[in-house]
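Please read the structure below before turning to the comments.
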Amino acid sequence: MHYLLMLLLVIAAPVTAGEPLRVAVAANFRSTLQQISDLFQQQTGQQVVLSSGSTGVLYSQILYGAPFDLFFSADVAAAEKLATEDSGTSRGEPFCYARGTLVLAGGNGDLAQLADPNLSLAIANPATAPYGVAAMAVLARPEFAAGHKRKLVRGTNVVQAYQFWHSGGADLALLPKALAPDATPVPAAWHAPLDQFAISLTPVRGNKALDSYLNWIRSDTVRAMISNAGYQPCP
Amino acid sequence: MSNAELDAIGLTIALAAITTILLLIFGTPLAWWLSRQKAKWPALVEALVAMPLILPPTVLGFYLLLLLAPDTAVGRAWYQLTGTQLAFSFSALVIGSVIYSLPFVVQPLQAAFQRVPEDLLKAAATLGANPLDQFRSVVIPLTRRSFVTAASLGFAHTVGEFGVVLMIGGNIPGETQVLSIALYDYVESLQFAEAHRLAGGLVVFSLVLLIMLYRQDRRDNWRVRA
Amino acid sequence: MNGLALQLDCPGEQHFRLQVDCVLPTTGVTAIYGPSGSGKSTLLDCIAGLRRPKSPGHVRFQGESWMTAETFVPPWQRRVAYVFQDARLFPHLNVQQNLDYAVSRRTHDDGPGMQQVVCWLELAELLQRSPAALSAGQKQRVAIGRALLSAPRLLLLDEPLANLDHSASQQCLIYLQRLTKELQLPILYVSHDIEEVSQLADYLVLLENGKIADQGSLLDLCGRLDTRLSHEEQAAAIVLGTIGQGDPEFGLTELEVEGQTLLVGLQQHAPGQRRRLRIPARDVSVCREKPLDSSILNILPVTVTEIQAQGSARVLLRLALGSQYLLSRITRKSATRLQLQEGDQLFAQIKSAALLMDSADNHE
C-alpha cells in the first residue's frame with residue numbers, strides 16, 4: 001500500500017520540486033516527524049513522503065528492497081542491523097534522534113493497576129515493536145505478577161494499541177509518551193532504554209535534498225520539537 | 001508444530017465452524033424470505049446483505065471496533081448477559097465473521113430457493129402442508145446441494161478472514177490469534193520456517209477440501225444425467 | 001346451507017377480473033366451461049385458497065366459511081385437493097412417496113385407501129419410478145391418485161387432460177369416469193373441451209370474461225339456444241336414455257329415449273342401464289314427411305320449439321322430443337324453403353349419435 005501511495009505521489013509531484021524524499025518512520029514517531037517534515041517542506045519546497053508502521057515491519061520491508069531514503073527506527077538494533085548488512089548501496093551511520101518514554105494510559109493513572117487481572121491492557125506486538133518489548137519487560141516485574149491473567153491485547157504497532165485503548169475496547173495501554181502525553185510515565189529503569197536511531201539508506205553524498213533534510217533533523221529547532229513531543233534527548 | 005500454531009489452527013476451525021452454523025440457522029430464513037418477496041423494498045435488505053462483498057474488511061473492522069467497546073450499548077448488554085467483555089474476545093470475532101461471511105451463505109441459498117417452482121409449493125399446500133412443512137418437505141430436499149455450497153463458502157471465507165480480525169482481534173494467542181493473523185505475525189517478524197508450515201498446511205488443506213467437494217459435485221451431476 | 005357459495009372479486013393479469021356470485025352444487029361433477037382467459041383457473045385458485053380475492057367476498061362450503069371479509073382459511077386447512085394441468089409431482093420423490101406425501105398429511109381417514117387408489121388408477125407398476133420417468137398420462141394418473149389420498153371434501157381438476165395426447169387423454173377419461181362413479185366426492189372440473197365435459201359433468205357453469213354467463217344441469221344447458229354452447233361448432237344436445245336390446249348381427253344396440261328407440265353402435269352394456277347420448281347439431285336434419293327409404297336409421301318425431309338465426313347462412317332449431325330436446329343446425333335456405341315455424345311437427349334425422357360412456361345412476 002505504501003508503494004502505491006509513493007508511486008502516485010511521485011507521478012503527481014510537480015516537476016520543479018524534484019524527487020520527493022521517501023522516509024520510513026516507526027509508528028510512535030510519525031506524527032512528530034510529520035510536523036517536522038511539513039516545516040521542512042514549507043521552507044525548502046522539498047517534498048517528503050512518510051510511511052509508518054512498526055519497527056520490525058519496516059525493517060523487513062527495507063531488507064527486501066523497499067525504496068526508502070531514510071529510516072527512523074524505534075530502537076537501535078534495527079538500524080545497526082541495516083548498517084552492517086551488505087546491501088549493495090552504501091548506508092549511513094546510525095545516529096540517535098530521540099529517547100522514548102513508556103507511559104501507562106487509562107484507568108485512574110496508577111501504575112499499580114498493572115497488577116489487576118481484571119483490567120485489559122493493550123500493547124504493541126513485542127515481536128515487531130520496541131515499545132512492545134519494553135512493555136513486556138515492565139509486565140514481567142514481580143510486583144505485577146498478579147496481573148498475569150489479564151486480557152492482553154496486542155496491536156500490530158503502537159498506534160493500533162492506542163486505538164484499542166482510545167476506542168474503549170481496552171482499559172489500559174502501555175504507549176509511547178508521544179501518543180498519550182498526559183499519561184503516567186513508567187520509570188525508565190523498568191525496561192531497556194528506548195533509544196531511537198535513524199539511518200540513511202541511500203548515499204547522502206550527491207543527494208542535496210537528503211543532506212539538507214538530515215541537517216534539519218539535527219537542528220536545534222527540531223530538537224526542541226522532539227522534546228516538546230514528549231521525548232528525551234539522546235544520551 | 002508449536003502450541004501457538006496448533007492454537008491458531010484450532011481457533012480458526014472453531015471460528016469458521018461456529019460462524020457457518022450460525023449463518024445457516026439465521027441465513028436460511030432470511031434467504032427464504034428474500035426469495036419469496038415480490039415487493040421492491042426488500043432490495044434494501046438485499047443490498048445490506050451484499051455490503052460485505054464490496055466493502056473492504058477494514059471498514060467492517062473499524063465500525064465493529066467502535067461498536068463492540070464496553071461503553072457502548074452492545075458492549076454493556078453483552079456484559080450484563082455474560083459477565084465478560086465483548087471487545088477482543090472470540091465472541092467478537094464470531095460476530096464479525098457472521099457479518100463478513102453473510103452474503104456468501106445467504107446469496108447461494110436465495111438463488112436456490114428462487115429456483116424452486118412456486119407451483120410445487122402450491123401443490124403441497126393443497127395436500128395439507130403449511131408453509132413450514134412446505135419448506136421442510138419440498139424446498140430443502142430440492143435445494144440440498146446449495147446448502148452444502150453455502151456452508152462451504154461460508155466456512156472457507158471465514159478461514160481466510162484477515163482484515164476484520166486484524167482490526168478487532170487484538171492478536172491474543174489462544175483466543176483471537178487465528179491462522180491468518182499468526183501467519184502475518186510470523187512473516188513480519190521474519191520467522192519464515194513457521195510461516196511456511198502454516199501457509200503450506202493451509203494450502204494443502206484447502207486443496208483437499210475443494211477436491212472432495214468437486215468430486216462429490218461430479219458424482220451428483222452424473223446421477224442426474226442418468 | 002348446502003353447496004359451494006361463492007362471492008368473488010379477483011383481479012388477474014392484464015386488466016382481467018373474475019367477478020362471481022353464485023352457489024354451485026356439491027354433489028356430482030360440476031364442469032366449469034369457457035374459452036381460455038375466461039377465468040376458470042382463477043376461479044379454482046380462489047376456491048382452493050391459493051389466491052385471495054379482494055374483500056369483501058365469501059367462500060362457503062356446505063355452511064363452513066372458508067373466506068369472509070375478516071377471515072381466510074389457508075389452503076392446507078380446507079381439505080380441497082387440486083389436480084393441476086401439469087401434474088406437479090414432487091421431483092425428488094418417487095411415485096409411492098408422492099402418494100405417501102398425501103396420506104401422511106391427511107387430517108381425516110374417510111377417503112379412499114392406498115390399495116383402492118392404486119387399483120383404480122392402475123399405478124402398481126409405476127410405484128417405484130421417479131416422476132421424470134413417467135409419460136404425461138401416467139403423471140396425471142399419479143396426480144389424481146395423490147389428490148384422492150389426501151381425503152379431500154372437494155376435488156378440483158384444472159384441465160387435467162389438456163397436456164395429454166389423444167389416446168392418453170381417452171385413457172385418463174376412463175379412469176376419471178370410474179372415479180366419479182365410485183366416489184361420493186364433489187368434483188369441480190375445468191375444461192375448454194365440451195366433449196370431455198359431456199362425458200363427465202352433471203352440472204355446467206359457463207364462464208366468460210370472468211363472469212358466469214349461465215349455469216344449470218348439463219342436459220338442460222346443452223339443449224338450449226340461449227347459451228353460447230349452442231352457437232359453437234360442436235354444439236350438441238345431450239339426451240338420457242335406457243339401454244335396450246342388443247343387435248349383435250348388425251353391431252347395434254337399442255337405446256330408448258322418451259318412448260322412441262334409437263340405434264347406436266354396439267356397446268358392452270347391460271340392458272336397463274341409463275346412458276347419455278350426445279347428438280351434435282350438425283348431424284341432425286329435419287323433414288316434414290317421414291322418409292321411407294333413407295339410410296339413416298334414427299328418425300324421430302319432434303316439435304320445433306325455437307328457431308334462431310346463426311350468422312347469415314345458418315339457422316339453429318330447438319326440437320322437443322318428449323320432455324327432452326335436440327338441436328339441429330340447417331341452412332337458412334332450407335329453413336325458408338320448408339317454411340319452418342315454431343310449433344311445427346317434424347321428423348329429425350340423426351346421422352350419428354355418440355353414445356357417451358358411463359353415466360352415474362344418480363342423475364335425473
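Long-range amide H contacts for C:Arg17: which residues qualify at under 5 Å (H placed 1.01 Å from N, peptide plane, sequence gap of 5 or more or a different chain)?
For C:Arg17, whose amide H was placed from the backbone, the distant partners under 5 Å are C:Gly12.
Using bins 10 angstrom wide from zero, how does P(r) for segment B:3-178 break down, in % of all Cα pairs?
10, 32, 31, 18, 8, 1
Looking only at chain A, where both bridge partners belong to it, what percent of the DSSP beta bridges are antiparallel (to the nearest 5)?
Percentage antiparallel, nearest 5: 50.
Over segment C:286-338, what portion of Cα pair distances is larger than 17 Å, expressed as a whole percent?
41 percent
Which entries in B:Lys38/B:Lys122; B:Lys122/C:Lys181; B:Lys122/C:Lys139; A:Lys149/A:Lys177 show an alpha-carbon gap greater than 20 Å?
Going by Cα-Cα distance, B:Lys122/C:Lys181; A:Lys149/A:Lys177 fall outside the 20 Å limit.
What FRET efficiency would be calculated for the residue pair A:Ala83, B:Thr84, taking the C-beta separation as r and a Förster radius of 51 Å, to the nearest 0.05?
0.60
Antiparallel as a % of all DSSP beta bridges within the protein assembly as shown, to the nearest 5?
So the antiparallel bridges amount to about 70 percent of the total.
Please report, in whole Å, how far the alpha carbons of the protein assembly as shown spread along each principal axis, starting with the longest.
143, 59, 51
Let's test this: bin the Cα-Cα distances of segment A:102-185 at 5 Å from zero up to the farthest pair and state each bin's percent.
3, 18, 30, 31, 16, 3
So for the pair B:Ala4, C:Arg17, with labels modelled 7 Å out along Cα→Cβ, what separation do we get in nm?
7.7 nm
Show me, for segment C:173-183, the HN-Hα J-couplings you get by feeding each phi into the Karplus relation (A = 6.51, B = -1.76, C = 1.60, θ = phi - 60°), rounded to Hz, glycine and proline as x.
Values, residue by residue: 4, 4, 4, 4, 5, 4, 5, 4, 6, 6, 9 Hz.
Under 29 Å between alpha carbons, and skipping anything fewer than 8 positions from A:Lys208 in its own chain: which lysines qualify?
A:Lys81
Grab the beta carbon distance between B:Leu210 and B:Ala77, set R0 = 45 Å, and tell me the FRET efficiency rounded to 0.05.
According to the calculation, E is roughly 0.70.
Quick check: residue separation of C:Glu233 and C:Glu195 times 0.36 nm, minus the Cα distance between them. What number comes out in nm?
Full-extension gain reported as 12.5 nm.
Provide the gained length on full extension for the span C:Ser334 to C:Leu263, in nm with one decimal, where the gain is 0.36 nm per separating residue minus the Cα-Cα distance.
Computed gain between C:Ser334 and C:Leu263 is 22.9 nm.
Report the label-to-label distance for B:Asn130 and A:Gln42 in nanometres (one decimal), using points 7 Å from each Cα along the Cα→Cβ vector.
7.4 nm
Please give the length that would be gained between C:Thr107 and C:Thr68 if that part of the chain were fully extended, namely 0.36 nm times their separation in residues minus their C-alpha to C-alpha distance (nm, one decimal).
11.7 nm
Suppose a student asked you for the relative contact order of segment B:108-152, using Cα pairs under 8 Å spaced at least 6 residues apart; what percent would you report?
Worked out over segment B:108-152, it gives 59 percent.
Counting Lys and Arg as +1 and Asp and Glu as -1, each charge on the Cβ, what is the dipole of segment A:102-185 about the Cα centre in debye, to the nearest 20?
Dipole about the Cα centre, nearest 20: 260 debye.
Select from C:Phe16, B:Ala151, C:Val239 the residue farthest towards the positive end of the dipole of the protein assembly as shown; place +1 on Cβ of Lys and Arg, -1 on Cβ of Asp and Glu, and compute about the Cα centre.
Farthest towards the positive pole: C:Phe16.
Around C:His58, with a cut-off of 15 angstrom between Cβ atoms, what is the net charge of the other residues, counting Lys and Arg +1 and Asp and Glu -1?
Its environment carries a net charge of +1.
Quick one: net charge around B:Glu194, please, counting Lys, Arg +1 and Asp, Glu -1 for every other residue with C-beta under 10 Å from its C-beta.
-1
What is the distance, in nm, between label points placed 7 Å from the Cα along the Cα-to-Cβ direction at B:Ala50 and at C:Leu183?
The two pseudo-label positions are separated by 4.6 nm.
So if I place +1 on the C-beta of Lys and Arg and -1 on the C-beta of Asp and Glu, and nothing else carries charge, what would the dipole magnitude of segment C:223-269 be about its Cα centre? I want it in debye, nearest 20.
Charge dipole of segment C:223-269: 180 debye, to the nearest 20.
Need one number: % antiparallel among DSSP beta bridges in segment C:4-222, to the nearest 5.
55 percent
Output the relative contact order of segment B:130-226, whole-number percent, from Cα pairs under 8 angstrom with separation of 6+ residues.
Averaging sequence separation for qualifying contacts and normalising by length gives 13 percent for segment B:130-226.
How big is the gap, in Å, between the Cα center of segment B:68-109 and the Cα center of segment C:214-247?
The two parts, judged by their Cα centres, are 74 Å apart.
Using unit Cβ charges (K, R positive; D, E negative) and no other charged atoms, how large, in debye to the nearest 20, is the dipole of the protein assembly as shown about its Cα centre?
Once rounded to the nearest 20, the dipole reads 380 debye.
Which one of B:Ser189, B:Ala16, A:Asn215 is farthest out on the positive end of the charge dipole of the protein assembly as shown, using unit charges on Cβ (Lys, Arg +1; Asp, Glu -1) and the Cα centre as origin?
A:Asn215
Using a cut-off of 14 Å between beta-carbons, work out the net charge of the residues near C:Gln260 (Lys and Arg +1, Asp and Glu -1, C:Gln260 not included).
-2
Quick note: the coordinates plus some simple rules give every number you see, no bench work behind them. Every value quoted in this text rests on a predicted model; they were computed, and no experiment measured them. Heads up, the Cβs are rebuilt from the backbone with ideal geometry, glycines too, and the neighbour counts pull from every protein chain shown.
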